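What follows is a short report on a single structure.
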Amino acid sequence: MGSSFKILLVEDSKAFRDAVKQLLGVYNDVDEADSLASARAILQTNTYDVAILDKGLDDGDGMELISEIKSMSPNTVVIMLTSDSDFSSVKHCIARGADDYVVKTETSVPDLLVRIPVAVSRAASARRLENLEEQVKAAFKYEIVGKSAPTMELRETILSLRGTGAHVLITGESGTGKELIARRLNAIEDDGKRPFVTVNCGAIPENLIESELFGHKKGSFTGALQDRAGKFELAHNGDIFLDEIGEMPLSAQVTLLRAIQEGEVVRIGDSRVIKVKCRVIAATNKNLELLVKEGKFREDLYYRLNVFKIETSSLRKRKTDIPDLAKLFTLQIGGANFSITDAAVRALCQYEWPGNIRELRNTIERAVIYAKRRGSLIISYDDIVIRMTEDNDSRMKRLDANLPSDVSELTPKQFKDFILAIEKEYLKAALELTNGSATKLAEKIGLARSTMFKHLRDCGIYSDSRHTETSENNSFSDFRLPLSQNSKGLQ
């Protein structure tokens, strides 16, 4: 990666330490301590970019280390691990000098993938440490963040391939992070700085692809002004990433197969055999098995590439990753001073993302521009500009279907039904923006709470008779309508 953090992890649970080191140790140097005493011994001779401290240690409170660390190394970012989210406890950690905290749960280890770069970048910005802020962006550039089951399984799968040297085929929809997976496969290897060479097979003209892959000798064809090494030579003792492998012409597949099988290439116009040793990581959004049946992809090459397959999941199947991704992209694109509101994140979570992670990143980049244009460092709901969702699209179609199409339909009842349908769709959409709070919605649009509940009952959204317009002792202020991830759950 070229940039990494030096991290001290003070935690008495070996299982937790192992999990953190497995996740963060790919790009960073992680030292461990299981007690206050061992941590103090390490700190006598070492300084760190980040210190992760467990609050409850066997020999004392981890907060005791905060002032000691800050006195020796003021720029060290301290993240506390707490066993509960009690605000007073968290407030006490921050008051003692901690830069951030993480509540220890089943998901707290992957939480660190987002919390560390955010905390370090904000601290760097506050202390005007520009180099450290750039370092955090580099150190987590190719990190796979998220707490969904598919993402956690993906991280485990990648780690299981360390040291195997097996060729890998990555499949999945466009924008799901196939190159990110390839780069992480490269980064986790023990040699650290092994080459990583990329080839976009769909972007190279058919008559130049062999020259691109295997190189050429000066004068071998028009335009060959000097000897040139091919991508396979450049990837020697490393990895070559063949993106869009399904676009490779059949004529080039033959020589590619030989290079993989024999571990040797011959430059165009030359007779000298060059030995190469590299792992091939191929990626495609096409069905290669179908292409094989159609005669558009060589079967022997397919099986040579498909030693181990990784199938990526679409973003719509792992929406729980969206908040973490949104926060990380906001940091990477906007910088440490930028943040994103909860309402904006909820809007992102309601969208289906046909363009997957790439589309989400582009949306955040666009939102940062809009926020800057209005002089703000906060991405708000209004800055999120995305295509109309299927739910919103179907909502409009339902309303269009109720528009009168004949003079015979111009009746008082149909007019009343249509107005009610509009009101219902408006209230359902508005409730999503207030996280299901009818009271908050009433305040926003200037209605009394009792009036709001009457409208909700009239529209068939809410029908609990316990909450009447005249009841003054009900729980309106605390009541929230049940919300699903889309408006259909409100009916």
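The values are calculated or read from the model by the stated rules, or taken from the named source; none is laboratory data. Model, not experiment: these values are computed from the prediction. With ideal geometry, Cβ positions are generated from the backbone for all residues, glycine too; neighbour counts draw on all protein chains shown.
Remarks
- Index of the failed condition, residue 146 passing every other in (1) buried (at least 21 other Cβ atoms within 10 Å of the Cβ); (2) modelled with pLDDT of 90 or more: (2)
- Residues satisfying the stated conditions in the stretch 27-67, i.e. in a loop (DSSP other than H, G, I, E, B) and closer than 27 Å to residue 159 by Cβ: 27, 28, 34, 46, 48, 49
Okay, residues lined up against (1) on the phi > 0 side of the Ramachandran plot; (2) of a type in the set (A, V, I, L, M, F, W, C); (3) exposed (fewer than 14 other Cβ atoms within 10 Å of the Cβ):
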{"site": "39", "(1), (2), (3)": "no, yes, no"}
{"site": "48", "(1), (2), (3)": "no, no, no"}
{"site": "54", "(1), (2), (3)": "no, no, no"}
{"site": "58", "(1), (2), (3)": "no, no, yes"}
{"site": "65", "(1), (2), (3)": "no, yes, no"}
{"site": "72", "(1), (2), (3)": "no, yes, yes"}
{"site": "76", "(1), (2), (3)": "no, no, no"}
{"site": "80", "(1), (2), (3)": "no, yes, no"}
{"site": "83", "(1), (2), (3)": "no, no, yes"}
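- Subset of the stretch 64-76 that is at pLDDT 90 or above and hydrophobic (A, V, I, L, M, F, W, C) - its residue that is nearest to residue 188 (Cα to Cα): 69
The rows are residues; the columns are (1) more than 26 Å from the chain's Cα centre (by Cα); (2) modelled with pLDDT of 90 or more; (3) in the same structural domain as residue 11 (by TED's automatic domain parsing).
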{"residue": "51", "(1), (2), (3)": "no, yes, yes"}
{"residue": "61", "(1), (2), (3)": "yes, no, yes"}
{"residue": "81", "(1), (2), (3)": "no, no, yes"}
{"residue": "99", "(1), (2), (3)": "no, no, yes"}
{"residue": "105", "(1), (2), (3)": "no, no, yes"}
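- Answer residue from the stretch 297-326, given it is among the basic types (Lys, Arg) and closer than 22 Å to residue 214 by Cβ and is surrounded by the fewest Cβ atoms within 10 Å (Cβ to Cβ) among those: 304
- For residue 292, the stated conditions do not hold, so it cannot be described as out of contact with any Pro (no Cβ under 6 Å at 6 or more places or on another chain), loosely packed, with under 14 Cβ neighbours inside 10 Å and β-branched (Val, Ile, Thr).
- Condition met for residue 172 (in contact with a Ser or Thr (Cβ under 8 Å, 6 or more places away or on another chain), surrounded by 16 or more Cβ atoms within 10 Å (Cβ to Cβ) and within 15 Å of residue 308 (Cβ to Cβ)): yes
- Selected residue (only one of 89, 35 is surrounded by 13 or more Cβ atoms within 10 Å (Cβ to Cβ), at pLDDT below 90 and closer than 23 Å to residue 109 by Cβ): 89
- Residues (of a type in the set (Asp, Glu) and closer than 22 Å to residue 182 by Cα) located in the stretch 300-338: 311, 321, 324
- Elements of type helices (runs of 4 or more DSSP H) contained in the stretch 283-369, each with 1 or more residues being within 22 Å of residue 115 (Cα to Cα): 322-334, 342-349
- Evaluation of residue 222 against (1) farther than 20 Å from residue 299 by Cα; (2) modelled with pLDDT of 85 or more (one fails), failing number: (2)
- When the test is whether a residue is under 14 Å from residue 20 (Cβ atoms) and either in contact (Cβ under 8 Å) with a residue 24 or more places away in the chain or assigned by TED's automatic domain parsing to the domain that holds residue 328 (or both), residue 109 passes it.
- Note on the stretch 193-205: residues that are over 20 Å from residue 285 (Cβ atoms) and surrounded by 12 or more Cβ atoms within 10 Å (Cβ to Cβ) amount to 4.
- Where a residue in the stretch 438-452 is in the same structural domain as residue 426 (by TED's automatic domain parsing) and farther than 21 Å from residue 343 by Cα and its partner, wherever it lies, is outside any helix (DSSP H, G or I) and among the acidic types (Asp, Glu), with Cβ under 7 Å and at least six apart: 450/469
- Selection count, the stretch 11-30, where residues are touching a Leu at 6+ places or on another chain (Cβ under 6 Å) and under 15 Å from residue 116 (Cβ atoms): 2
- Any hit, the stretch 15-27, residues being crowded, with 16+ Cβ neighbours inside 10 Å and over 28 Å from the mean Cα position of the chain (by Cα): no
Condition check ((1) touching a Cys at 6+ places or on another chain (Cβ under 6 Å); (2) outside the structural domain of residue 436 (by TED's automatic domain parsing); (3) surrounded by fewer than 21 Cβ atoms within 10 Å (Cβ to Cβ); (4) free of Cβ contacts under 8 Å to residues at least 60 places away in the same chain) across all residues:
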| residue | (1), (2), (3), (4) |
| --- | --- |
| 329 | no, yes, no, yes |
| 334 | no, yes, no, yes |
| 340 | no, yes, no, yes |
| 345 | no, yes, yes, yes |
| 348 | no, yes, no, yes |
| 358 | no, yes, yes, no |
| 362 | no, yes, yes, yes |
| 370 | no, yes, yes, yes |
| 376 | no, yes, yes, yes |
